[in-house]
1. Using a cut-off of 9 Å between beta-carbons, work out the net charge of the residues near LEU31 (Lys and Arg +1, Asp and Glu -1, LEU31 not included).
2. Nearest 500 deg cm²/dmol is fine: what mean residue ellipticity at 222 nm does the chain get from its DSSP H runs of n ≥ 4 alone, each adding -39,500 (n - 2.57), divided by its residue count?
3. Tally Lys/Arg at +1 and Asp/Glu at -1 over every other residue whose Cβ is under 9 Å from the Cβ of ILE100; what's the total?
4. What does the net charge come to around LEU69 if you take all other residues with beta carbon closer than 12 Å to its beta carbon, with K and R at +1 and D and E at -1?
5. Go through region 80-86 residue by residue and turn each phi into a ³J(HN,Hα) via Karplus (6.51, -1.76, 1.60, θ = phi - 60°); whole Hz please, and just put x for glycine and proline.
6. Convex hull over the Cα atoms of region 3-128, averaged projected area in nm²?
7. Which residue, LEU55, LEU98, LEU111, tops the fluctuation ranking in a GNM of the chain built on C-alpha contacts under 10 Å?
8. At a 10 Å Cβ-Cβ cut-off, how would you order ILE33, ILE100, fewest neighbours first?
Amino acid sequence: MSFLLDTDTCSAHLKRPSGLLHRFIQHSGRLAISTVTEGELYVWAFRRDDPTPLLRRISEDLLPDLSVLPFDSACAKMFGRVRADLLRRGKPGNCLDLMIAAAALAHDLTLVTHNTDDYNHVPGLRLEDWVTT
């Protein structure tokens, strides 16, 4: 694997697959999401009056093309290290975003996100934005 997809990238792909399809094909077999992102996608679906169509697209159009990485002890330890450092510097950050960043760092993956400002303060995190490029 090479890339960990942030929730915004996954939702952009589900909303308009043709926009990111070339990237998904180009990096086939090297894409992953964290279980944190998976959870955020399910929140997005269950907030709808009828979640069934989006749940189907998540399970049939997205997840088969990705590896799903659990937020495990290595991720938890990295999260603790990164969050403690940011708190010391007065930059607490969003916990879910930091968990996703920690998963990317723990697995040595590049995080693919359109929300680069949410992650720029995380030391050592490699970022790519596939939505604007």
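Just so you know, all these numbers are worked out from the coordinates, no wet-lab data involved. Since we're looking at a predicted model, the values are computed, not measured. Here Cβ is always computed from backbone atoms with ideal geometry, including for glycine, and neighbour counts include all displayed protein chains.
1. Values: positive: ARG23, ARG30; negative: ASP65.
That works out to +1.
2. Numbers: 6 runs with 65 residues, N = 133.
Calculated mean residue ellipticity at 222 nm is -14500 deg cm²/dmol.
3. Working: positive: none; negative: ASP6, GLU40, ASP97.
Local net charge: -3.
4. Numbers: positive: none; negative: GLU38, ASP72, ASP108.
In short, -3.
5. x, 5, 5, 5, 4, 4, 5
6. Values: hull surface 30.4 nm².
Taking the Cα atoms of region 3-128, their convex hull projects to 7.6 nm² on average.
7. Most flexible of the set in this elastic network: LEU55.
8. Least crowded to most crowded, the residues run ILE33, ILE100.
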